[in-house]
Amino acid sequence: MDHLWVKTLHILFVIAWMAAVFYLPRILVNIAEAGHEPAVRERLLLMARRLYGFGHIMFGAMLLFGATLWLHYKIGGPWMHVKLSLVALILFFYIACGKMMKKAAAGGTLPSGKALRWFNEIPLLLAIPAIYLAVAKTLG
Ligand code: HEM
């Protein structure tokens with residue numbers, strides 16, 4: 001396959017994974033603010049579980065095409081290691097959201113909606129330099 005098609009698919013799955021990374025904590029905000037409405041809470045938890053699973057599949061596809069670009073087409077450089085470190089941090093964030101979701105499902109309490117809204121900004125701060133590195137292909 002032409003490397004431009006691999007890159008196209010890589011970016012498609014980056015978009016899909018990042019959608020889950022940005023939206024999962026938004027659902028956690030809603031769960032934290034659902035109060036004592038068990039039906040609402042259950043529906044939100046179902047949405048969160050499905051989104052979390054979807055995100056795992058999108059991450060796997062993104063990794064497959066990204067790793068093909070890097071290891072098979074040999075596109076990369078020192079910037080790639082920094083980008084991968086940022087990707088690892090975004091993945092930690094995503095897993096932390098999954099842990100909070102599981103805690104809420106087990107009846108545990110979540111941080112406040114306000115705290116979760118701030119927490120939600122972390123992947124944005126990590127994605128901006130990751131995208132810049134992929135586009136600029138240099139550490140500057
Ligand atoms: C799973 C880990 C990842 C690997 C191994 C990986 C690897 C790569 C490689 C080798 C390229 C080709 C760069 C080029 O054509 O010069 C690329 C392109 C790109 N990646 Fe990733 N990537 C990963 C995750 C991500 C994430 C999480 C983002 C965004 C947050 C991202 C955003 C991009 C963008 C925007 C491009 C296109 C750059 C361009 O052509 O100008 N990647 N990636």
- touching a residue at least 24 places away in the same chain (Cβ under 8 Å), closer than 17 Å to A130 by Cα and within 20 Å of the chain's Cα centre (by Cα) - does that describe any residue in the range 31-51? no
- Message: I'm trying to understand the selection: among the residues of the range 76-108, which are farther than 23 Å from F54 by Cβ and of a type in the set (G, A, S)?
- Response: G76, G77, S85, G107, G108
- How about the range 66-84: which of its residues are assigned to a helix (DSSP H, G or I), open to solvent by 40 Å² or more (accessible area, probe 1.4 Å) and of a type in the set (F, W, Y)? W70
- Task: Please work out if L4 is among the hydrophobic types (A, V, I, L, M, F, W, C) and more than 16 Å from the ligand (Cβ to nearest atom).
- Result: no
- Where residues in the range 1-19 are of a type in the set (A, V, I, L, M) and surrounded by 20 or more Cβ atoms within 10 Å (Cβ to Cβ), which of them is farthest from F93 (Cα to Cα)? V14
- Could you please give the count of residues in the range 89-108 that are within 13 Å of the ligand (Cβ to nearest atom) and in contact (Cβ under 8 Å) with a residue 12 or more places away in the chain? 5
- Scan of the range 109-124 for residues that are within 11 Å of the ligand (Cβ to nearest atom) and either on the phi > 0 side of the Ramachandran plot or loosely packed, with under 14 Cβ neighbours inside 10 Å (or both), ordered by number: L124
- Message: Give me the residue from the range 60-88 that is more than 10 Å from the ligand (Cβ to nearest atom) and in contact (Cβ under 8 Å) with a residue 24 or more places away in the chain and, out of that set, farthest from the chain's Cα centre (by Cα).
- Response: P78
- Scan I27, I57, I31 and give me the residue that is of a type outside the set (F, W, Y), within 16 Å of the ligand (Cβ to nearest atom), part of a helix (DSSP H, G or I) and closer than 23 Å to L124 by Cβ. I57
- Return the only residue of A32, A106, A88, A61 being surrounded by 13 or more Cβ atoms within 10 Å (Cβ to Cβ) and over 23 Å from W5 (Cβ atoms). A32
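The values are calculated or read from the model by the stated rules, or taken from the named source; none is laboratory data. All values reported here derive from a predicted model rather than from experimental measurement. When we count neighbours, we look across all protein chains shown, and the Cβ atoms used for this are built from the backbone with ideal geometry, even at glycine. Keep in mind that these areas ignore ligands, DNA and RNA; they rest on the heavy atoms of the full protein, side chains included. Shrake-Rupley method; radii C 1.70, N 1.55, O 1.52, S 1.80 Å.
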